[in-house]
1. Please work out if residue 70 is touching a helix residue (DSSP H, G or I) at 6+ places or on another chain (Cβ under 7 Å) and part of a loop (DSSP other than H, G, I, E, B).
2. Select, from 59, 94, the only residue that is out of contact with any Pro (no Cβ under 8 Å at 6 or more places or on another chain) and outside any helix (DSSP H, G or I).
3. Touching a Leu at 6+ places or on another chain (Cβ under 6 Å), farther than 21 Å from residue 10 by Cβ and of a type in the set (Gly, Ala, Ser), is that true of residue 124?
4. Can you tell me which condition residue 188 does not meet? The list is (1) crowded, with 16+ Cβ neighbours inside 10 Å; (2) among the polar types (S, T, N, Q); (3) in contact with a Pro (Cβ under 9 Å, 6 or more places away or on another chain), and all the others hold.
5. Hand me the list of helices (runs of 4 or more DSSP H) wholly inside the stretch 131-204 holding 2 or more residues that are outside the structural domain of residue 247 (by TED's automatic domain parsing) and farther than 24 Å from residue 61 by Cβ.
6. Taking the stretch 112-156 only, how many residues are in contact (Cβ under 8 Å) with a residue 12 or more places away in the chain and either among the β-branched types (Val, Ile, Thr) or under 17 Å from residue 84 (Cβ atoms) (or both)?
7. Six or more apart or on different chains, Cβ under 6 Å: which pairs go from a residue in the stretch 68-95 that's more than 16 Å from residue 41 (Cα to Cα) and outside the structural domain of residue 39 (by TED's automatic domain parsing) to one that's buried (at least 16 other Cβ atoms within 10 Å of the Cβ) and among the small types (Gly, Ala, Ser)? Could you list them?
8. Can you tell me which residue is surrounded by the most Cβ atoms within 10 Å (Cβ to Cβ) among those in the stretch 225-251 that are outside any loop (DSSP other than H, G, I, E, B) and over 27 Å from the mean Cα position of the chain (by Cα)?
Amino acid sequence: MQHSRVILHISNWLKDYSNLSNTNGFVVGISGGIDSAVTSVLCALSGKKVVLVNMPIHQREQEYSRAKNHIENLCQRFSNVSYCEVSLTDAFEQLRKSMPDPTSGHFLAMANTRARLRMTTLYAIGQTEGLLVAGTGNKIEDFGIGFYTKYGDGGVDLSPIADLTKTQVFALAKELEVIAEIRNAKPTDGLWEDGRSDEDQIGATYPELEWAMEYVNRFSGSSVNRIDPEFVPKNGLDDHQQKVLAIYIRLHNANKHKMLPIPVCEIPQELF
């Protein structure tokens with residue numbers, strides 16, 4: 001990958017999109033992770049106004065500190081970048097206490113609620129400032145396994161890095177001089193108080209998932225169609241590769257509703 005040319009391409013794309021949409025720039029939620037860090041630097045390089053938002057909800061100290069340090073670094077490097085912090089812990093707790101008694105899916109639902117509160121906050125700031133909400137999802141998350149919250153971090157106006165794998169995002173991070181503590185941190189979605197990593201939740205690493213995505217796409221023809229495991233050859237794969245492949249296919253099929261357009265029930269003309 002030609003890092004400098006990719007960076008220039010994305011930053012120019014961001015600037016052109018903002019100009020065409022008659023907006024002032026971008027608002028980016030900063031999590032302390034690699035994806036939001038890279039996205040925010042790319043937005044800053046567009047030359048447009050950029051507002052970075054730190055939105056802690058019972059955040060672990062390491063995550064909060066990484067986000068804060070990245071924000072400070074970027075504000076020092078770019079005059080077009082500013083920031084604000086919106087603590088959402090009280091709002092989250094009030095909503096949690098107002099919910100019905102916990103069900104089997106309660107903990108996952110409330111984890112996703114964190115992401116949806118943050119999305120609401122970003123859009124409130126974006127509308128006030130005339131800014132587009134920049135998405136921070138990468139290719140594996142957005143089009144591979146659907147590892148994001150529907151109408152949470154998946155609720156964005158545009159996606160600057162969604163055609164880059166996680167490995168490529170890490171490569172750009174070094175070129176963009178993202179602070180070392182973020183580049184060296186284990187990827188996590190920051191939605192769990194126990195600090196579980198993405199790998200803990202998924203059961204496979206990003207490089208493994210990237211391999212699985214490339215392998216499956218050789219036979220499926222599209223990364224967003226439902227994958228029939230029976231049509232993906234297993235010959236020549238070792239036990240671990242087969243395990244990773246099964247994880248990828250299972251998550252892709254379970255989350256494909258996030259990747260496809262909202263289904264519309266079309267009424268036959270004769271019924272009107």
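The values are calculated or read from the model by the stated rules, or taken from the named source; none is laboratory data. Just so you know, these numbers come straight off a predicted model, no measurement behind them. Because the Cβ atoms are built from the backbone with ideal geometry, glycine has one as well, and the counts that use them run over all protein chains shown.
1. no
2. Only one candidate passes the filter, namely 59.
3. In short, no.
4. For residue 188, the exception is condition (3).
5. Correct list: 166-175.
6. 20
7. none
8. Across the stretch 225-251, the extreme among qualifying residues is 231.
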